[in-house]
Amino acid sequence: MALALRLSSETVIDHHAAVALVEKMHEDHSASGPDSVSAGSWDFPLHYGSVSAKLQGSRIHLRVFADDDTNLSYVKMEVAAHASEILGSTSGICWSGQDNMPSLPVFFRQIAVVSSHRISPHMQRIRFQADNLDRYASGGIHIRLLIPSAGRKPVWPAIGPDGLIVWPTGDDALTVRIYTIRSIDVAAGTLDVDFVLHPGVDTPAANFAQSAVRGQVIGMLGPGGGDAPDCGNLLLLGDDTAIPAISRIIENMPTTTSARVFLEVDTQADILPLAAPNASITWCFRNGRPAGTAGLLTEALKGIDGTTLPSDLFVWAGCEFTDFREIRKIVRKDWCLPKDRQLIVAYWRRGVNGGDRTSSDD
Ligand SMILES: Cc1cc2nc3c(=O)[nH]c(=O)nc-3n(C[C@H](O)[C@H](O)[C@H](O)COP(=O)(O)OP(=O)(O)OC[C@H]3O[C@@H](n4cnc5c(N)ncnc54)[C@H](O)[C@@H]3O)c2cc1C
């Protein structure tokens, strides 16, 4: 398994809890793929690659593998995050091939605004230009946008010797928000992001989108979040924030896949053109009710007979936290759909800023 992956990096962990660390990582990823475990030796997959660990005396020699440098960086970060949790520190981790001085992450790009225009009353499309975008065309449609304080020369994050991100602090601190790449043109070096212009007192990403000017520079980390579900039958639900993701999913699905789509927006004026012959799209309107309070997606789901679902159905949803909880409850508890046939994510939560997001699809 490990040998099929092209790139590798290694470290030695000399800590009394090093075995516990490896066993915990193994336990957390036991469902991710084939593994091989014997006394003092572990080989198993992680999300973005794999790990091979050997007990040598009191120390663990740990080698990670991945198929490109972005994934290798993600795998190192994953190990370091586990180490931080289990060992209480990552100070003993120093990856081979990693500069001793913090360096710019390989999965970082500085992106500059090329154009910005309103595509519906509540959606602003911004086109960014950047170098070397090919890695962002696959392996996930989501990115983290890093927004520097207005008028301040950006200081970007770096990767430390342990593989973790070192974030700028104080006046250099960045606002981090998750968005979707709506479309990407690697040859032209451009990507589009659609920003919902939502209400709120302090809304750094929406504010950025509203006032962005040509040449303005922000940062981007990614990609992440996996690719579109590969299934014969899709049920897709989302509010305004998930329109970019759902658009990409239905535009790129094979002709053999069909999709039933429910999208919640404010009014008819917020409808966006979606080109997908095999998708049947229902727009649901809040008509002035605040986003995240109307429950229209849950209502749509309740209108579906859970006893006659196609056997290859995959349910995908991206929406506000309350809707996320309701949708997940119906899909998991009422419909009993297996975990590998659903991805239900809270894209945002009322009253909570995106940097403090605690919800996930777990
Ligand atoms: C995987 C993923 C992909 C996403 N993709 C997109 C995308 O492509 N386009 C997009 O617009 N958003 C997307 N989002 C949602 C986006 O990250 C959040 O809406 C984010 O909170 C916006 O940041 P902000 O700085 O504008 O507001 P924040 O500072 O995060 O929040 C300030 C206040 O505004 C409220 N708020 C946040 N978002 C909304 C909203 N949509 N409607 C009403 N109130 C809101 C918050 O509850 C809070 O009270 C995505 C989220 C995830 C997790």
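Coordinate-derived values only; no laboratory data. Computed from a predicted structure; not experimentally measured. A quick note on method: Cβ atoms are made from the backbone with ideal geometry, for glycine too, and the neighbour counts reach across all protein chains shown.
Worth pointing out:
- As a calculated quantity, the FRET efficiency between ARG152 and THR307 at R0 = 45 Å, using C-beta atoms, amounts to about 0.20.
- Between ASP171 and ASP340, the FRET efficiency estimated from the beta carbon spacing at R0 = 51 angstrom works out to 0.70.
- Those residues of the range 23-60 whose amide nitrogen sits under 17 Å from the label point placed on ASP14, 7 Å along Cα→Cβ: 54-60
- In Hz, Karplus ³J(HN,Hα) per residue of the range 239-246 (6.51, -1.76, 1.60; θ = phi - 60°; x = Gly, Pro): 8, 3, 5, 9, 4, x, 5, 5
- Counting lysine pairs in the chain whose alpha carbons fall under 20 angstrom apart, excluding pairs fewer than 8 residues apart on the same chain, gives 7.
- Of the three principal axes defined by the Cα atoms of the range 48-114, the extents in descending order read 56, 25, 21 Å.
- Taking SER211, SER91, SER247 as the candidate residues, the one with maximal mean-square fluctuation in a Gaussian network model of the chain, Cα springs under 10 Å, is SER211.
- Neighbourhood charge, 14 Å Cβ-Cβ cut-off, centred on GLY232 and excluding it, Lys, Arg +1 and Asp, Glu -1: 0
- Rounded tilt (10° steps) of 69-86 against the dominant C-alpha axis of the chain: 70
- Spatial extent of the range 2-86: Rg and Dmax, with the Cα atoms as the point set, Å: 11.6, 32
- Each residue, ARG63 and VAL186, gets one label point 7 Å from its Cα in the Cβ direction; the gap between the two is 2.9 nm.
- Principal semi-axes in Å for the range 308-350 [√(5λ), Cα gyration tensor, largest first]: 20, 10, 7
- With the simple model of a label 7 Å out from the Cα in the direction of the Cβ, THR293 to LEU104 spans 4.4 nm.
- Per residue convex hull volume, Cα atoms of the range 1-156, in Å³: 168
- Over all other residues within a Cβ to Cβ distance under 14 Å of ALA39, the charged ones net out to -1, with Lys and Arg as +1 and Asp and Glu as -1.
- Calculated log₁₀ intensity ratio I(q)/I(0) where the Debye formula runs over C-alpha points of the range 253-362, q = 0.21, 0.23 Å⁻¹: -1.31, -1.43
- Protection-proxy order for peptides 299-308, 159-168, each taking the mean of Cβ atoms within 10 Å per residue, highest first: 159-168, 299-308
- Looking at the range 109-233, the pairs of alpha carbons with a distance over 25 Å make up 26% of the total.
- Square roots of 5 times each gyration tensor eigenvalue, C-alpha, the chain, largest first, Å: 36, 27, 18
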